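Heads up: the structure comes next, in structure tokens.
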Amino acid sequence: MQVQFPAGHTRKTVDVDVDAAIVDLDGTMVDTIGDFAEAITRMLADLQLPALPASAVEHMVGKGTEHLLRSVLAHVLQHAGHPQAERDAAVQALFPQALARYEHHYIAINGQYSAVYDGVAQGLQALKDAGLRLACVTNKPMAFTVPLLAAKGLEGLFEQVFGGDSFPRKKPDPMPLLKTCEALGTPPARTLMLGDSSNDAQAARAAGCPVVLVSYGYNHGQPIHGVDADGFVDSLVQLQAVLALA
């Protein structure tokens, strides 16, 4: 089907034919900063390290668990006054225990401190009703992804779900999107990427997928409208208006 992004929803008009949509999870469908912050707080307490505010965690989310935890440890150790060389070695030494404790706590609280963004279920259902096939692709590990989608009542919307450990490489590498297109049986040029960050946009551009970003979300603390994308929406429910133009 044909999807158009008018001036009211994007900085430029885009007219593309799409058969499917790949949808990001954290920052696009669900506001999960509360889950990240709680699991990290508990993990840091186990390691007898200072706590980190949720506002700092938000800027570190989006590139997978390993990157998140290394960034958290480096940030905490830097503020504790550790010099660079000592800090790098300490991060390496602490990482295995940090990962184990983080995974332990995240599984225990997954979904309890997060909420689905307004308009997500309605917007995605509109895409399905319009005939688009849907897949969820996130850098979140599958062990966290599947239970979260189920807890938030979103799992039934997707034909395919892939996490950060489903493929050898994560977004912004194009591999997850290309592999998802293969699973859906749709060409990248006809598979829309819906995300919230430069990670999603870079992966889409490299894969040859059109990309639309939500104006909320995380994007590593950077303004989202500075990212190279085909369109922007303030809510996935706005996609209903987009589809009405097709």
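Considering segment 9-28, and only residues there that are over 20 Å from the mean Cα position of the chain (by Cα) and within 27 Å of Leu157 (Cα to Cα), the residue that is modelled with the highest pLDDT turns out to be Asp19. Per the conditions (1) within 16 Å of the chain's Cα centre (by Cα); (2) open to solvent by 20 Å² or more (accessible area, probe 1.4 Å); (3) not polar (S, T, N, Q), the sole criterion not satisfied by Gly111 is (2).
Condition check ((1) farther than 20 Å from Asp129 by Cα; (2) touching a Leu at 6+ places or on another chain (Cβ under 6 Å)) across all residues:
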position: Leu177; (1), (2): yes, no
position: Leu184; (1), (2): no, no
position: Gly208; (1), (2): yes, no
position: Tyr216; (1), (2): yes, no
position: Ala229; (1), (2): yes, yes
position: Asp234; (1), (2): yes, no
position: Leu239; (1), (2): no, no
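Exactly one residue out of Ser215, Ser198 is among the small types (Gly, Ala, Ser), open to solvent by 40 Å² or more (accessible area, probe 1.4 Å) and within 14 Å of the chain's Cα centre (by Cα): that is Ser215. Residues in segment 29-66 that are at pLDDT 95 or above, part of a helix (DSSP H, G or I), open to solvent by 40 Å² or more (accessible area, probe 1.4 Å) and touching a Phe, Trp or Tyr at 6+ places or on another chain (Cβ under 7 Å): Glu38 only.
If you go through segment 109-139 and pick out every residue that is free of Cβ contacts under 8 Å to residues at least 24 places away in the same chain and of a type outside the set (D, E, K, R), you end up with 0. Among the residues of segment 121-135, write down those that are open to solvent by 10 Å² or more (accessible area, probe 1.4 Å) and in a strand (DSSP E or B). Of everything in segment 121-135, just one residue is open to solvent by 10 Å² or more (accessible area, probe 1.4 Å) and in a strand (DSSP E or B), namely Arg133.
Look at segment 41-58: where a residue is more than 13 Å from Gln78 (Cα to Cα) and in contact (Cβ under 8 Å) with a residue 24 or more places away in the chain and a partner is open to solvent by 20 Å² or more (accessible area, probe 1.4 Å) and among the small types (Gly, Ala, Ser), sitting 6+ places away or on another chain with Cβ atoms under 6 Å, you get Leu44/Ala51. Which residues, counting only those in segment 80-96, are surrounded by fewer than 18 Cβ atoms within 10 Å (Cβ to Cβ) and either within 25 Å of the chain's Cα centre (by Cα) or in contact (Cβ under 8 Å) with a residue 60 or more places away in the chain (or both)? Result: Phe95, Pro96. Exactly one condition in (1) closer than 19 Å to Leu239 by Cα; (2) open to solvent by less than 50 Å² (accessible area, probe 1.4 Å) is not met by Asp118; state its number. Only one criterion is unmet by Asp118, namely (2). With respect to the conditions (1) more than 18 Å from Val161 (Cβ to Cβ); (2) touching a residue at least 12 places away in the same chain (Cβ under 8 Å); (3) in contact with a Leu (Cβ under 7 Å, 6 or more places away or on another chain), Ala21 falls short on a single one, namely (1).
Does segment 79-97 contain at least one residue that is small (Gly, Ala, Ser) and modelled with pLDDT of 95 or more? Yes - at least one qualifying residue is present in segment 79-97. Here is the figure for segment 156-186: residues that are under 24 Å from Ala126 (Cα atoms), touching a residue at least 60 places away in the same chain (Cβ under 8 Å) and part of a loop (DSSP other than H, G, I, E, B) total 2. On inspection, Pro168 fails the criterion of being out of contact with any Asp or Glu (no Cβ under 7 Å at 6 or more places or on another chain) and buried (at least 19 other Cβ atoms within 10 Å of the Cβ).
The values are calculated or read from the model by the stated rules, or taken from the named source; none is laboratory data. Predicted model, so just to flag it, every value in this text is computed and none were measured. Every residue, glycine among them, receives a Cβ derived from its backbone with ideal geometry; neighbour counts consider all protein chains shown. The accessibility values were calculated without ligands, DNA or RNA, using every heavy atom of the protein model including side chains. Shrake-Rupley method; radii C 1.70, N 1.55, O 1.52, S 1.80 Å.
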